[in-house]
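Notes for the one structure printed next.
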Amino acid sequence: MTDKKIIAILGATGAQGGGLVRAIMNDPSGGFTVRALTRDVTSDKAKALAALGAEVVAADVDDVESLKQAFAGAYGAYCVTFYWEHFSPEREMAQVKSMAEAAKAAGLEHVIWSTLEDTRNWVPLSDDRMPTLMEKYKVPHFDAKGEANQFFVDAGVPTTFMNTCFYWENFIYFGMGPQRGPDGKLAITFPMGDKRLPGIAVEDIGKTAYAIFKRGGEFVGKTIGIAGEKLTGSQMAEALTNALGQEVIYNDVPPEVYRSFDFPGADDIGNMFQFKRDFEQDYCQARNLDVVRSLNPSLQTFD
């Protein structure tokens, strides 16, 4: 074990980090081993990772000193934040700043930062096509991550910037799955018009990240966008119809209607979908499926 390169994985008990843990542990001859970072090493999920053979270490993304200790002696790190826990772009950026500082202090050779576009590069705050949120963001959970990229650059940390996309698991765990309307019909609802939505299975985020680590320095200093497929709302509804054996329709609503829905972050998510709709070409082009498949040949389709 001692000659294996240690990858410290933030969010190891979550979707992305958990996928990367499994990808590494399922490849015992791959030359890497896992240091799973979590706030609560006694949780059932943490114990499950330890049972897989991962080294489980306590770390708190709000505490830079704990991150420095957790990164010490590692070859690389997978850095990810979970905005939906606190809904604070400022806190998210402070966490990323700590990650970059800790990565620099530990002398890490390769960091993958799971990030997203800063939509203000397309829709400036002065643009009233979509409302400005929290006074300085258009899509807070995108913009803060995009802005935080600079922390890794400024720290001089060898970083791959990995732009993720919509999780297909959102249909299961995020309340976006088919809902039965007043007419009794199942429907999925997005303000996307007929535009394509890049999506991915979270397991494939981990597998693709692992492939990037295995390629050494090839992707250091580069941005790579990932997706499993790019589908319209109608295509997703058709696939769900086939899978469920009952009709699912695509309910296309205007972004302002979506923003008014009664769930936390509806305005943020509504702006996000509008950004993906209005700038479909840029957003889709930034996610090259051929490149992702070359890294992860087992890449899953929505089906």
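The values are calculated or read from the model by the stated rules, or taken from the named source; none is laboratory data. All values reported here derive from a predicted model rather than from experimental measurement. Reconstructed Cβ throughout: ideal geometry from the backbone, glycine too, with neighbour counts over all protein chains shown. The protein model used for the area step is the full one, side chains on, heavy atoms only, and it has no ligands, DNA or RNA in it. Shrake-Rupley method; radii C 1.70, N 1.55, O 1.52, S 1.80 Å.
Under a point-charge model restricted to the Cβ atoms of Lys and Arg (+1) and Asp and Glu (-1), what is the dipole moment magnitude of the stretch 73-204 relative to its Cα centre, in debye to the nearest 20?
The calculation lands at about 240 debye.
Can you give the % of DSSP beta bridges in the stretch 1-153 that are antiparallel, to the nearest 5?
Bridges in the stretch 1-153 that DSSP calls antiparallel: roughly 5 percent.
With the dipole of the stretch 67-209 worked out from charges on the C-beta (+1 for Lys and Arg, -1 for Asp and Glu) around the Cα centre, which of G177, G107, F166 lies farthest toward the positive end?
Positive-most Cα among the choices belongs to G177.
Using a Förster distance of 45 angstrom, determine the FRET efficiency expected from the C-beta separation of D60 and E238, and round it to 0.05.
Here the calculated transfer efficiency is 0.55.
Calculate how many DSSP beta bridges within the chain are antiparallel, expressed in % of all such bridges and rounded to the nearest 5.
Antiparallel: roughly 20 percent of the beta bridges in the chain.
Could you give the Stokes-Einstein D for the stretch 173-303 in µm² per second, using the C-alpha Kirkwood radius, 37 °C, 0.692 mPa s?
202 µm²/s
Given an 8 Å cut-off on Cα distances and at least 6 residues of separation, report the relative contact order of the chain as a percent.
16 percent
What number, rounded to the nearest 500 deg cm²/dmol, is the helix-based mean residue ellipticity at 222 nm of the chain, given -39500 (n - 2.57) per DSSP H run of at least four residues and division by all its residues?
-12000 deg cm²/dmol
Output the antiparallel fraction of DSSP beta bridges having both residues in the stretch 138-285, as a percent to the nearest 5.
40 percent
Leaving out ligands and nucleic acids, note down the accessible area per residue over the stretch 1-134 with a 1.4 angstrom probe, in whole Å².
Roughly 44 Å² per residue, with all protein chains present.
Multiply the residue separation of S43 and Q179 by 0.36 nm, subtract the distance between their alpha-carbon atoms, and state the gained length in nm to one decimal.
So the extension gain works out to 45.7 nm.
Within the accessible area of the chain, what % is carbon and sulfur when the probe is 1.4 Å and the other protein chains stay in place?
Exposed carbon and sulfur together represent 50 percent of the surface.
Compute and list, largest first, the equivalent-ellipsoid semi-axes of the stretch 1-144 from the alpha carbon gyration tensor, each √(5λ) rounded to a whole angstrom.
Whole-Å semi-axes of the equivalent ellipsoid: 32, 15, 14.
How big is the charge dipole of the chain about its Cα centre, in debye rounded to the nearest 20, if each Lys and Arg gets +1 on its Cβ and each Asp and Glu gets -1 on its Cβ?
Value, rounded to 20: 760 debye.
Please sort by residue number the chymotrypsin sites (Phe, Trp or Tyr not before Pro) in the stretch 156-211 whose DSSP state is loop and whose Cβ has at most 15 other Cβ atoms within 10 Å.
F174
So for the chain, taking the charge dipole from beta-carbon charges (+1 Lys/Arg, -1 Asp/Glu), which of M236, G19, Y137 sits furthest toward the positive end?
Of the candidates, G19 comes out farthest on the positive side.
How big is the charge dipole of the stretch 169-216 about its Cα centre, in debye rounded to the nearest 20, if each Lys and Arg gets +1 on its Cβ and each Asp and Glu gets -1 on its Cβ?
180 debye
Find which of P198, V41, M93 sits farthest along the positive direction of the dipole of the chain, computed with +1 on the beta-carbon of Lys and Arg, -1 on that of Asp and Glu, about the Cα centre.
Of the candidates, V41 comes out farthest on the positive side.
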